[in-house]
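Structure, as structure tokens:
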Amino acid sequence: MTDLQTFARDIHKGLSAPQKHISSKYFYDDIGSGIFQDIMKMPEYYPTPCEFEILSLQGENIIQKLAFNKPFQIVEFGAGDGIKTRQLLKKLVERQVDFTYVPIDISSKAIEELTANMHAHLPGLKISPMIGNYFSMMEELAASGVPSLLLFLGGNIGNYEAHEVNSLLADFRKCMNPGDYLLTGFDLQKNPATVRCAYDDPKGITKAFNINLLHRINRELGGSFKTNQFDFYSHYNPVNGEVRSYLVSLVPQKVHVRHTDKCYDFDRNELIWTELSKKYTLSEIEEVAAANGFRVVEHFQDCKAYFTDSLWTL
Ligand code: AVI
């Protein structure tokens, strides 16, 4: 199945379900990735500066916990622009540690820019990029047998539902050997007002990020969405730590998608669920680690304790 066929199948499934939904993984076409870069620059979107602080100020402490006794690799899933990761890599390059950085990203454009950037800022870095989806790369990595630190940063794990977290971690485990490490970024529960503002910004950048899903369906699948007939709504539930985001149909309407040759009916105020952004407590993180066969080495938090990069081992 081509990527376009998979997209069409998922959209059809999501828009014909009783609770309509579109997976947040479809946010990230070139335009959506650009909007996400803008989100990361918003003053309200605290996760980016918090993780930057952790990797800049605590990079040495993280490195000290790694007990590799031969050359190793640092494999980053969903590497993006790599600016935060560079803070950690810089420390290793300065210490002349023998390692290779293996960024993996689905976007060849992102990988090209990242590689050029890393070469410019860290000329001594050995880098061996991979383009593709994580899962097809995992088998290759598992077979290499090179000691590894896996990075899954940015709080991306928060976009996975509980059962998906378990299968993601099972996949990570499959490409790890005893003594390997996994460093995962988790956004932590905090004052609910702080979380709410990060996902409901006054300039409407997060709204544009969500509306782009509809533009994307129009562009790639021949959809007939009138995007001004949809609004955006996000809600943080501080009891379970879940931000849930939705598109809201402002009028009763029918939308046709040429590629699936189907019509979808929307009631007034009907929702399309687009994203889960789960905020964790430290004890939930420990439970998730233990339930999936990992041992927590340490949580590295920013000074406000808004975010943690948690280091686990097998
Ligand atoms: C990529 N991910 C961790 C972001 C988040 O915070 O859930 C995506 C995002 N959605 C809205 N703002 C940012």
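Which order do LYS20, LYS65 fall in if you start with the one that has the fewest other Cβ atoms within 10 Å?
Values: LYS20 18, LYS65 14.
Ranked by crowding around the Cβ, least crowded first: LYS65, LYS20.
Ellipsoid fit via the Cα gyration tensor, the stretch 175-232: semi-axes of 34, 22, 6 Å, each the root of five times an eigenvalue, largest first. Report the Stokes-Einstein translational diffusion coefficient (µm² s⁻¹, integer) for the stretch 62-192, Rh taken as the Kirkwood radius over Cα pairs, at 20 °C with viscosity 1.002 mPa s. Diffusion coefficient, whole number: 139 µm²/s. Taking amide H as placed 1.01 Å from N in the peptide plane, the amide H of THR100 sits under 5 Å from that of PHE72, GLN73, ILE74, each at least 5 places away or on another chain. Using θ = phi - 60° in the Karplus curve 6.51 cos²θ - 1.76 cosθ + 1.60, the 3J(HN,Hα) couplings for the stretch 159-165 round to 8, 9, 6, 3, 5, 6, 4 Hz; x is entered for Gly and Pro.
Rank these for me by crowding, ILE54, ILE22, ILE39, going from fewest to most other beta carbons within 10 Å. Provide the component values of the computation, followed by the final result.
Details: ILE54 27, ILE22 22, ILE39 18.
Going from sparsest to densest Cβ surroundings: ILE39, ILE22, ILE54.
A protection proxy built from the mean count of other Cβ atoms within 10 Å ranks the segments 85-95, 295-305, most packed first, as 85-95, 295-305. Once you've got the GNM for the chain with C-alpha springs shorter than 10 Å, pick whichever of LEU151, LEU182, LEU57 has the biggest mean-square fluctuation. Its mean-square fluctuation being the largest, the pick is LEU57.
Taken as Cα centroids, the stretch 99-157 and the stretch 12-59 sit 19 Å apart, rounded to the nearest whole angstrom.
Placing a pseudo-label 7 Å from each Cα along the Cα-to-Cβ vector at ASN133 and LYS13 gives an inter-label distance of 1.0 nm.
Listing GLU51, GLU284, GLU164 from the residue with the fewest other Cβ atoms within 10 Å to the one with the most, what is the order?
GLU164, GLU284, GLU51
Annotation: the antiparallel percentage among DSSP beta bridges lying fully within the chain is about 65. What you get for the stretch 52-96, charging only the Cβ of Lys and Arg (+1) and of Asp and Glu (-1), is a dipole of about 180 debye around the Cα centre. Taking Cα centre as origin and charging only the Cβ of basic (Lys, Arg, +1) and acidic (Asp, Glu, -1) residues, the dipole magnitude of the chain rounds to 300 debye. Dividing the helix sum by the residues of the chain, where each DSSP H run of 4 or more adds -39500 (n - 2.57), gives a mean residue ellipticity at 222 nm of -12500 deg cm²/dmol. Beyond 25 Å in Cα-Cα separation lie the following of the pairs LYS65/LYS91; LYS91/LYS190; LYS25/LYS65: LYS91/LYS190; LYS25/LYS65. Considering the chain at the alpha-carbon level, its Rg and Dmax are found to be 20.2, 63 Å.
Read-outs throughout are calculated quantities, based only on the coordinates presented, and are distinct from any laboratory measurement. Please read all numbers here as calculations on a predicted model, not as lab measurements. Cβ coordinates were reconstructed from backbone atoms using ideal geometry, including for glycine residues, and neighbour counts include every protein chain displayed.
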